[in-house]
1. Against the globular-protein guess of 2.2 N^0.38 Å, express the Cα radius of gyration of segment 41-182 as a ratio, rounded to two decimals.
2. Of the options 118, 288, 356, report the single residue whose Cα projects farthest towards the positive end of the charge dipole of the chain (beta-carbon charges: Lys, Arg +1; Asp, Glu -1).
3. Can you compute the FRET efficiency between residue 124 and residue 40 using 1/(1 + (r/R0)^6), with r the Cβ-Cβ distance and R0 = 35 Å? Round to the nearest 0.05.
4. May I ask which residue of 454, 471, 428 lies farthest towards the positive end of the charge dipole of segment 363-474, with charges of +1 (Lys, Arg) and -1 (Asp, Glu) on Cβ and the Cα centre as origin?
5. Compute the distance in nm between two label points, each set 7 Å from the Cα along the Cα-to-Cβ direction, one at residue 285 and one at residue 91.
6. Quickly rank 8-16, 101-109 as a protection proxy: mean count of other C-beta atoms within 10 Å, highest first.
7. Would you mind computing, in nm to one decimal, how far apart the modelled labels at residue 466 and residue 266 are, each placed 7 Å from Cα along Cα→Cβ?
8. Residue 212 versus residue 435, label points 7 Å from Cα toward the beta carbon: distance in nm?
Amino acid sequence: MVVLWLRRDLRLHDHPALNAAAQRAGERGGTLAIVFVFDRALLCGRHTSATRTAFLLEALAELRAALRERGQQLIVRHGEPARELAALVGAAADPEVHATADVGPFAKRREREVAAALAERGGRLVLHPGAFCVDRPEAVSGSVAFTPFFRSWQAAPRRRPLPAPHPLPPPPAETAPGELPTLADLLPPLAGNEAPRRPRGGERAAWERLERFLRTSVGRYHERRNDLAADATSRLSPYLHFGCISARAVEERLPAGAGPAAFRRQLAWRDFYAALMALRPELARCELQAAYRTIAWADDPDAYAAWRDGRTGYPLVDAAMRQLAEEGWVHNRARLVAGSFLTKHLGIDWRLGERWYMRSLVDGDEASNNGNWQWIASVGSDPAPPARRILNPTLQAERFDTEGRYIRRYVPELASVPDRWLREPWRMPRGVQEATGCVIGRDYPAPIVDHRSARLRALERYRAARAAAQGHDRR
């Protein structure tokens, strides 16, 4: 029996595991079972997300319809994948389960469990590339710094994207496909709200998004990618996370030029963080830089709640957090500003920010999210000193939201505030506040922290951690 176990590869095009499973089923003259297992340990674990689960369900519904058009079916099961896949193959002789390899510790553990369960039945788990631009990002370079990784990554061989296999072998007639659940079926009431303006899931939407990006934005990507108000980024991240489109298919479609080259570099960052997670699985819980594992993070629930809810009094930070709540997605520049504010201005543990982003983001990817949070918290792969990553929200807004359109879009209380005071509304004279209908402390919060004082505290926090680590080393 041949089985395709789907996880983060919800597509038909450029799907090495699907192509290989279909070929093996054809060689055997048998059937192909295509299965997705809803694993409660994943759906309701520490990365529970209503927004991401809703996107997943849409992608699965579209994939199920596409399979039906090809005479196949999506088999749905609930439970531990090792148990469910073992039950699916039953007593079949020499069963094979094909899957796309992943890099996170939870994913690797599930792969080991499935492989062991199949081995007990004389079967095997066969892993294939398909989640990244290069087949095994962790094999590209052993460096934990991006620049040497990027040099090796550029020179690494690439496989050719594959067409969707056609025709597909039939599904096993005796296997009940099962029904796709609803969001309410899967998640507890406390899982959080689904972002009301999240993107639509599925392979069709992924290709539409890519074509739009290639048509309208990629040529000037290097110039406009940090423009917060412009819709100049690809917004492909949720589709890449769920495998609605493959990174190789995206890379293959990129034309020549400075803009496409800058975007290709972002794909390299995605592979880099995947490599880090594969090589150093402990990063899921702790800092890459050992010197900063003893930082005295602040315990300030009120400040954390203000950051989470977009009530810090710093317009750019608040705009970022409100975009996250509305769309389940945030412009990368705004993510960095919000992350810097939490970890540097408020001195709050980066893991709390990482956890909130994973709960809220439709593109929440453990490796990329973890890598970016450690980077902006100055505890990860970034070689720059912490002082370089204390982003001033006012200066960042002046540089990347020059007309204030991003702030006004997501912080409507500030819509009538004159440009002169938009980025620091607490400096408005009282009469201007009254005239614009934005009284600080009533209609919009006053800043919860002073930038200059917070910067000095942050520098001292990191200095003390380094000193403690050096003292420990001398002992």
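1. On the way: Rg = 17.9 Å, N = 142, 2.2 N^0.38 = 14.5 Å.
Against the empirical 2.2 N^0.38 Å value, I get 1.24 for segment 41-182.
2. 288
3. E between residue 124 and residue 40, to the nearest 0.05, is 0.85.
4. 471
5. 4.2 nm
6. Working: 8-16: 22.3, 101-109: 18.7.
Final packing ranking: 8-16, 101-109.
7. Computed distance between label sites residue 466 and residue 266 equals 3.2 nm.
8. 3.9 nm
The values are calculated or read from the model by the stated rules, or taken from the named source; none is laboratory data. For clarity, every value in this text was computed on a predicted model and none was experimentally measured. Don't worry about glycine lacking a Cβ; one is built from the backbone with ideal geometry, like all the others, and counts go over all protein chains shown. Ligands, DNA and RNA are excluded from the accessible area calculation, which covers all protein heavy atoms including side chains. Shrake-Rupley method; radii C 1.70, N 1.55, O 1.52, S 1.80 Å.
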